[in-house]
1. Give the long-range amide H neighbours of B:ARG290: residues separated by 5 or more places, or on another chain, with amide H under 5 Å away, using H modelled in the peptide plane at 1.01 Å from N.
2. Where in chain A are the helices, taken as whole DSSP H runs, whose Cα atoms extend 24 angstrom or more along the long axis and whose Kyte-Doolittle mean reaches at least -1.0?
3. Averaged across the residues of B:70-79, what count of C-beta atoms belonging to other chains lies within 10 Å of each residue's C-beta?
4. Can you give the accessible area buried between chains B and A, summed over both chains, with a 1.4 Å probe, in Å² to the nearest 100?
5. Given the peptides B:302-313, B:90-101, B:127-138, arrange them by the average over their residues of other C-beta atoms within 10 Å, most packed first.
6. Determine the share of the range B:136-247's accessible area contributed by carbon and sulfur atoms, expressed in whole percent, with a 1.4 angstrom probe.
7. For B:THR245, B:THR88, B:THR186, write out the residues from largest to smallest accessible area, computed with a 1.4 angstrom probe and no ligands counted.
8. With the other protein chains left in place, how much accessible area per residue, in square angstrom, belongs to the range A:1-101 at a 1.4 angstrom probe?
Amino acid sequence: MNSDDALRVLATMERIRHFEERVARLKLAGEVFGLIHVSVGQEGVAAGTCTQLRDDDAVYSGHRAHGHALAKGAPMNRVMAELMGRETGLCRGMGGSMHLVDVEHGFLGATGVVGGNVPMALGSALASRLRGEDSVAVVFFGDGAAQGGHVLETFNLASLWQLPLILVCENNGFAEFTPRSAHTVVERVSDAVAPYDFARETVDGNDVRAVWSSFGGFLERARTGEGPFLLECLTHRLSGHYVGDPAAYREALAADEWRKLDPIVRLRTSLIEDGTLDEAAADAIAAEAIAEVEAAETFGRDSAYPPESLTAEVAYA
Amino acid sequence: MSRNETYVKAVGRALADAMRADERVFVIGEDVAEGGPYTTTAGLSEEFGRERVRNTPISEAAITGVAIGAAQSGMRPVLEIMYIDFLTLALDQLVNAAAKAHAMSGGQLTVPLVLRTQGGAGQRGGAQHSQSLESWLTHVPGLKVVMPSGAADAAGLMAAAILDPGPVVFVEHKALYFRREDVPETIEPIELGRARTVRTGDDVTIVATSRMVGEALAAAQELAEEGIEAEVIDPRTLVPFDLDTIVASVRRTNRLVVAHEAVVHGGFGAEVVAAVQEAAFDDLDAPIGRVGAPFAPIPFSPPLEDAYLPGRQQLVDAVRRLSVGSPSLRLPYIGAGLTSA
Ligand SMILES: Cc1ncc(C[n+]2csc(CCOP(=O)(O)OP(=O)(O)O)c2C)c(N)n1
Ligand SMILES: [Mg+2]
């Protein structure tokens, strides 16, 4: 990751962080609707990966998808408008937070069905192979999804067919309110793919440089048609499972310690230490993100709701 | 020009034609490169190779997802789920992803997927290899559901299904696979949503799907001997559904019997009945009859399976009841084996 990359990644993380913190507030204020899951604390994964991809690479995500969509290039104002159910939204108000799609930027979509995106991503990798292209498919899923039958089936298929798929597991240790230890005896998701014998790495997902370099290595190989790969990013969500979650199940966790491991704080500090940035320049990156969020909020609020006729219009292609 | 061809061969030929015409079309499923248990895809891997005729492990959920993802990425997969009974394992992907992708993305994504499967009883397959589950699929907006009753329709409807921009579930019937029929030499797509009037008649309309179309024709022949002329209509596709053709017929015949092999209870026939009475209540001279299977898992033992399956006799009985106004009309439905006294 050179210093230009690092600046781009830092800006991406700041954009995601400020966007999601605003979304959480707007949800509580009743301006954003639906089931909202934010990735505060986990931005290093989205930013360290998606910023290395092209528009023709297919990215799939799950219920915690805002960061992946933004990092893949979805315009923030249209993501915000989507969460507000507006016609100008990314999906014209038909999807909402868990179903963001931006075909133009290769974000083929989020799903509210945990793990359901994993086989679909393999399908995009297969399409790339059948057409002889060098595009790749990337799918983000949680540690909870890794116990799903469709996900385990996909591990087998992906290794059997050796398709250019990069599986990115964000292991935040929890599925909703339950720690991983209560769902499986397999501690690391990378161990779950061990029998399939494909390249896998477990990294500190809050160290965005580590995420960048491991993912970049896999990506380079996937471009040549190799695959699959699993990148397990150990991370931590700093807020509840969903906006409004009292998170009582996590009392025991030392929130202060995790604050120190915040991927944004870590990258920012390192860039200041190595002289790439000074405090003022770093603050300016955050300020720019905040301004973009403000504009997105206004854009969403000023946009109309879609016409009722839209429901029937898009039921069939 | 036409050729006398079995239902399986007609489907296989439609697949081969589509693969020749469009590089994006590929076939994926368990044992498809080997032709599958009914030989439907026989010969395809030899012509198109095993990349485009892709065998999969027994992972219905994942392969359905793979097909959807490939379709979203611009390919035109034809996915085989070997028995409709195993569609249960694929339903999440089909219902939650394929059916809704276009809508949830505000029209951005399309899923030009054909999910081929086969159902139906009569071959001693037992309760897990014989079902007719199409009504589940008709309940999901975003899916189209096709049920061909003969070789020619199977070929033309398959051609149309592959050209369709959205997900189409194509439900074949195993008991029809080796029946022959004249099939056009050049397979032309048959527009989805157009019923076919298989026989004309003025006394009663029989709407029948899949295997029951042949049974309805046999029933009509028997009824004709007593002077009752039945019109037989095969909707061919359940979604979209050609209500107009059926209503126009009922306005002439004033009587309707709806027949499918699936259990009557909650079956697609109920939807047909509701729609027709809404559209043509004043034209009906008798309550609409329903013919289908009883509300019980399909038995294995041959005499029991035979008694369970609806066919010609149940249709004849149902029409006679309508025509003579028998008290059994007051039964909530006419289930084969339960009411054929
Ligand atoms: C198939 C399915 N089952 C259950 C749920 C409800 N649910 C939503 S998120 C979630 C936990 C997912 O945990 P994980 O995969 O670790 O992702 P994280 O929330 O930690 O990002 C559950 C159980 C769902 N959306 N889909
Ligand atoms: Mg988790």
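The values are calculated or read from the model by the stated rules, or taken from the named source; none is laboratory data. Every value quoted in this text rests on a predicted model; they were computed, and no experiment measured them. Neighbour counts run over all protein chains shown; Cβ positions are idealised from the backbone, glycine included. To get the accessible areas, we keep the full protein, side chains included, count just its heavy atoms, and leave off ligands, DNA and RNA. Shrake-Rupley method; radii C 1.70, N 1.55, O 1.52, S 1.80 Å.
1. Result for B:ARG290 returns B:VAL258, B:ILE334.
2. Numbers: long enough: A:3-28 (38 Å, -0.40); A:279-302 (34 Å, 0.16).
Sorted by number, the helices that extend far enough and score high enough are A:3-28, A:279-302.
3. On the way: counts 10, 4, 10, 17, 5, 7, 0, 4, 0, 0.
That average works out to 6.
4. On the way: alone 14010 and 13550 Å², together 24630 Å².
Result for this pair: about 2900 Å² buried.
5. Numbers: B:302-313: 17.1, B:90-101: 23.4, B:127-138: 20.4.
Order by mean packing, descending: B:90-101, B:127-138, B:302-313.
6. Within the range B:136-247, the accessible surface is 49 percent carbon and sulfur.
7. B:THR186, B:THR88, B:THR245
8. Result: 28 Å² of accessible area for each residue.
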